[in-house]
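Rule-based calculations on the coordinates, nothing more; no lab input. Since the structure is predicted, the reported quantities are computational estimates derived from the model, not experimental observations. In this analysis, Cβ positions are derived from the backbone assuming ideal geometry, glycine residues included, and neighbour counts consider all displayed protein chains.
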Amino acid sequence: MSDAELVARARKGDQTAFGELIDRHRVAVYRATLAALGSHADAEDAAQDAFLTAYRRLDTFRGEASFKTWLLTIAWHQAINRRRSLSRIWRGMVQARTTEEAEVVMSTVAATSPTPEQSARGEQLRRRIRDAIHALSPKLRDTLLLAQSGDYSYEEIGAILKTPLGTVKWRVSEARRLVRRALEAWGYDTAI
Amino acid sequence: MGIDEVASQMTAGEPGLAFRAHVMARIASGAAPRRSWRASFVLAPAAVLALVMVAIFVTRVIAPNLQPPTVAGPDTGNDQPLAAGGDGGNMGRAAPPPAASAIGQTARAGSNGPLARATARTAHGASTMRNDRSRPAPALDLIATPLLDATPLTTEPISADLLRIDRLDSIPTMDVAPLGIDDERRRQE
């Protein structure tokens, strides 16, 4: 059954049909909100709010874009509003928590590395890349993370960010270039 | 380890297993989406508005009730607030009546000395005080006596005839002659 058919059934009050839409798109919505917020807890809350808002606004969905794109646009707005509402202190806490989560991931990866020296180098490189991505402007960082999540096409990213396709591609390229330049400044080989 | 791989890891993950159940429960309960942005975009202006209202309340209601201490005026019987100017010489003295201050200001209009400036400040303070006293404090409105409803007094113009004074009749002159010595003796006898 297609999304359009599920939407039509959900509009008539079939909550099971909307539950099916949730199952289909929950990962894509969640990763979009995670790209904007950087925190798993906040991302899950924003994703729930996005589905709730979409359910309430089903009547306004005209089918001009795909349901996924429409849903992702709602989710992105929810995430950006939540990100704006975070105070500087709270943002710092989120950054710290994200860093802690990164440490766990890096430790896990490092444990599987062949040698302690290689794992240490790999861990440091990941940290540098993360720092460089965090240092990007929000527009470049959001576009890069959405593009690299693997869940969205460039057209979908353009629809989410309300940005032309060419601008999306330029932002991804520019973000990569700036991260490479930061790595060069730290003495890394940019052929990575 | 490349940039794309790290960026991909930064958005890796899936929502919890109960995600669908949570959303469906919120839909069933009719809960509205949490709007955390209210904290900064709505509550902050509301807090500013509340502060402005408190400031208005303080300046309009509380501040007028905080009158300075008063002393009885010597002639008029009205209470006059103590002069509160920055000039130390005026501290603790009752402000002079407005008319007297105006006269003093007029008399020293030509000079620019400190006495003239002090007199001008006093006249200005008296004027301000007169304006403040003409309007009762809002807190006293409840106990204020009602205004008298009386027709204004009118006077007729005085004609020149009423002011005319008749001339007095002329008195005839009297001749007096000095007394002689013989007349004095005769009176003693």
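In table form, for the structure just shown:
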| read-out | value |
| --- | --- |
| Residue order, fewest to most beta carbons within 10 Å, for B:ARG185, A:ARG11, A:ARG171 | B:ARG185, A:ARG11, A:ARG171 |
| Fully extended contour minus Cα-Cα distance, from A:ARG177 to A:VAL27, at 0.36 nm per residue | 51.1 nm |
| Region A:118-192: relative contact order as a whole-number percent, Cα under 8 Å and 6+ apart | 32 percent |
| Computed FRET value (nearest 0.05) for A:ARG11 with A:TRP170, which takes r as the C-beta separation and R₀ as 35 Å | 0.35 |
| Anisotropy class of region A:138-192 from Cα gyration tensor, a/c 1.5 cut | prolate |
| Number of partner chain Cβ atoms within 10 Å, mean per residue of B:19-29 | 6 |
| Fewest-first sequence of B:VAL52, B:VAL6, B:VAL176 by Cβ atoms within 10 Å of each Cβ | B:VAL176, B:VAL52, B:VAL6 |
| Stretch gain in nm, segment B:ASP175-B:ALA63, where the contour uses 0.36 nm per residue and the Cα spacing is subtracted | 31.9 nm |
| Whether region B:139-183 is rounded, prolate or oblate, judged on the alpha carbon gyration tensor where a/c under 1.5 counts as rounded | oblate |
| For residues of A:127-134, the mean tally of beta carbons on other chains within 10 Å | 3 |
